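Written out below as C-alpha cells is the structure these notes cover.
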Amino acid sequence: MIAPFACAPDFDPPILDSIVSGPYSGAIDCDVHPAVPGTAALMPYLDPYWREMHALRDLDRMDLMSYPPNVPLSGRSDWRPATGTPGSDFNLLQKQALDHFGVRFAICNCIYGAQAFYDENMAAAFCRATNDWIRNDWLDRDPRLRASIVLPAQNPDLAADEIERLAGDKRFVQVLLLARCELPLGRKFYWPIYRAAERHGLPVGIHAGSMFRHSPTQCGHPSFFVEDYIAQTQAFAAQLTSFVSEGVFSKFPGMKVVLIESGVTWLPAMIWRFGKDWRGIRAEIPWVRSTPGAIIRDHVRLTVQPLDGPSNPKDVERILEHLGSEDLLLFSTDYPHWQFEGDAALPPELPENLLRKILVENPLATYPRLKETIQ
C-alpha cells in the first residue's frame with residue numbers, strides 16, 4: 001500500500017478538501033466504469049419513437065463487452081455486486097472506488113452497445129440517453145464523479161452535435177471513442193469530433209473496445225478470447241500512428257489524446273520504430289515536422305491500468321525512463337475490472353515526485369476542466 005503522498009509546495013491545496021483518507025488520497029482516477037444495468041435504465045432518457053424501436057427490436061441487452069461478463073477480468077471478486085453487472089451498483093462504486101482509495105475525482109467511462117449500432121441515428125439516440133443517464137444517475141449523486149461524453153462514432157457530425165449539447169456541463173471532461181472503429185481514427189472523416197473537442201478543451205479518450213466492424217487482428221479472426229485481448233495493443237498502436245501520420249495534431253494543436261487501458265510497455269519500442277521509419281519516408285507526410293516521439297510526448301497520455309510491466313520496481317522505472325517523459329502516465333484503477341490485487345494500482349517504490357505527477361499533476365494538466373471545478 002502506498003501512503004498518502006506529500007504535497008509539493010506549488011500544489012493547489014483545495015484539491016484535498018473533503019477527501020476520505022485512502023491509499024491514494026487526493027488522487028484523480030482517470031478510468032472507472034459505471035455499467036448500464038440494462039436498457040430499462042435508459043428508457044426515461046429516450047424519446048417515444050426510440051422507446052418504441054427498443055420494444056420492436058427487442059433490445060433488452062446491449063452490453064458492448066469485448067470479453068465475457070462472467071470471466072474474472074470483468075470484475076474483481078470483492079468488487080462484484082450480489083446481483084447484476086460489475087460496476088452497475090452506485091453505492092458499491094462509491095464505497096470501493098471513491099471512498100476506499102480516497103480519490104478527489106474519478107472519470108466515468110461507460111462502454112455500452114450504443115457505440116456499435118449500424119444505424120447511426122439509433123446510435124446517436126442511445127448515446128444521448130447513456131450520457132443523460134450518467135449525468136443524472138451518477139454525476140448528480142456524488143461531486144467527485146466526472147465523465148466522458150459517449151459518442152456515436154458512426155457519424156462524426158452527430159458526434160460533434162452531442163459534444164456541443166453537453167459541453168456546457170463542466171462535469172464532462174473528455175469525449176470517448178473506441179480503439180477499434182470503422183476507419184483509422186486519424187482520417188479526416190473523424191475531424192468534426194476533434195474540432196469540437198479542441199474548441200471545448202476536451203481530451204479525446206480512446207478506450208479499449210470494438211465496434212465489431214473488422215477482425216480484431218491483422219491476420220483474421222482468432223479462436224480465443226486471450227488472442228482478442230492481447231491484440232488490443234495492436235489497435236492502439238495503429239490508431240496512434242494514424243493520428244500522427246494524418247496530421248491531426250498539426251491541424252488541432254491543442255488536442256490531447258488519452259489511451260485508456262492500452263497498456264504501457266509497448267509504447268517505447270513503437271516510438272523508436274516509428275521515428276526510425278519516419279526519417280526514411282517522411283516526404284509523403286510533410287505536415288509531420290517533428291519526430292513522432294516528440295509529437296506523442298506532447299499530445300498523448302496513457303492510463304496506468306493495466307500496467308503491463310515487470311514486477312521488479314527497478315525494471316518498471318527503466319521502462320518509464322524509455323518513455324522519455326514523466327508527463328505521460330495518468331492514475332487509474334479500471335474499477336471494477338480485475339487488473340491488480342488489493343490496493344496495488346501502482347508499482348511499489350516509485351519516486352515521490354513521479355508518484356505525485358501520475359496521481360495528480362498529470363491528470364490536472366490533461367483535463368483542464370478539473371482545474372476549473374476546484375477554483
- Does segment 97-110 include one or more residues that are outside any helix (DSSP H, G or I) and of a type in the set (Val, Ile, Thr)? yes
- State the number of residues belonging to segment 356-375 that are part of a helix (DSSP H, G or I) and either in contact with a Pro (Cβ under 8 Å, 6 or more places away or on another chain) or of a type in the set (D, E, K, R) (or both). 8
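Residue by residue through segment 321-340, note down the ones that are assigned to a helix (DSSP H, G or I) and crowded, with 16+ Cβ neighbours inside 10 Å.
Scanning segment 321-340 gives a single hit, 323.
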- Message: Suppose we keep only residues that are of a type in the set (Lys, Arg) and out of contact with any Ser or Thr (no Cβ under 7 Å at 6 or more places or on another chain) within segment 254-292. Which one would you say is nearest to residue 237 (Cα to Cα)?
- Response: 273
- Message: Among the residues that make up segment 301-312, is at least one of them farther than 19 Å from residue 237 by Cα and either in contact (Cβ under 8 Å) with a residue 40 or more places away in the chain or crowded, with 18+ Cβ neighbours inside 10 Å (or both)?
- Response: no
- Note on the structure: Of (1) over 19 Å from residue 30 (Cβ atoms); (2) not in a helix (DSSP H, G or I), residue 158 fails just (2)
- Considering each residue of segment 76-114, count those that are at pLDDT below 95 and touching a strand residue (DSSP E or B) at 6+ places or on another chain (Cβ under 6 Å), and give that number. 2
- Among the residues of segment 12-28, is there at least one that is within 20 Å of residue 135 (Cβ to Cβ), touching a Phe, Trp or Tyr at 6+ places or on another chain (Cβ under 8 Å) and either at pLDDT below 85 or crowded, with 18+ Cβ neighbours inside 10 Å (or both)? yes
- Item | Filtered residue count, segment 183-221, keeping only those that are touching a residue at least 40 places away in the same chain (Cβ under 8 Å), more than 16 Å from residue 158 (Cα to Cα) and hydroxyl-bearing (Ser, Thr, Tyr) | 1
- Selection status of residue 129, buried (at least 24 other Cβ atoms within 10 Å of the Cβ), at pLDDT 95 or above, more than 16 Å from residue 202 (Cβ to Cβ) and hydrophobic (A, V, I, L, M, F, W, C): yes
- Filter segment 195-230 down to residues that are touching a Lys or Arg at 6+ places or on another chain (Cβ under 9 Å) and farther than 25 Å from residue 29 by Cβ and give me whichever is modelled with the highest pLDDT. 195
- Query: If we scan segment 348-355, do we find a residue that is assigned to a loop (DSSP other than H, G, I, E, B), touching a His at 6+ places or on another chain (Cβ under 9 Å) and in contact (Cβ under 8 Å) with a residue 60 or more places away in the chain?
  - Reply: no
- Message: Which residue is farthest from residue 25 (Cα to Cα), if the candidates are limited to segment 309-339 and must be touching a Lys or Arg at 6+ places or on another chain (Cβ under 9 Å) and of a type in the set (A, V, I, L, M, F, W, C)?
- Response: 323
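Could you tell me whether residue 271 is buried (at least 19 other Cβ atoms within 10 Å of the Cβ) and more than 24 Å from residue 26 (Cβ to Cβ)?
So residue 271 fits the description; yes.
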- How many residues are surrounded by fewer than 16 Cβ atoms within 10 Å (Cβ to Cβ) and touching a residue at least 12 places away in the same chain (Cβ under 8 Å) when one looks only at segment 239-255? 3
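The values are calculated or read from the model by the stated rules, or taken from the named source; none is laboratory data. All figures in this text were calculated on a predicted structure; none of them were measured in a lab. Positions of Cβ are generated from backbone atoms using ideal geometry, with glycine treated the same way; all protein chains shown enter the neighbour counts.
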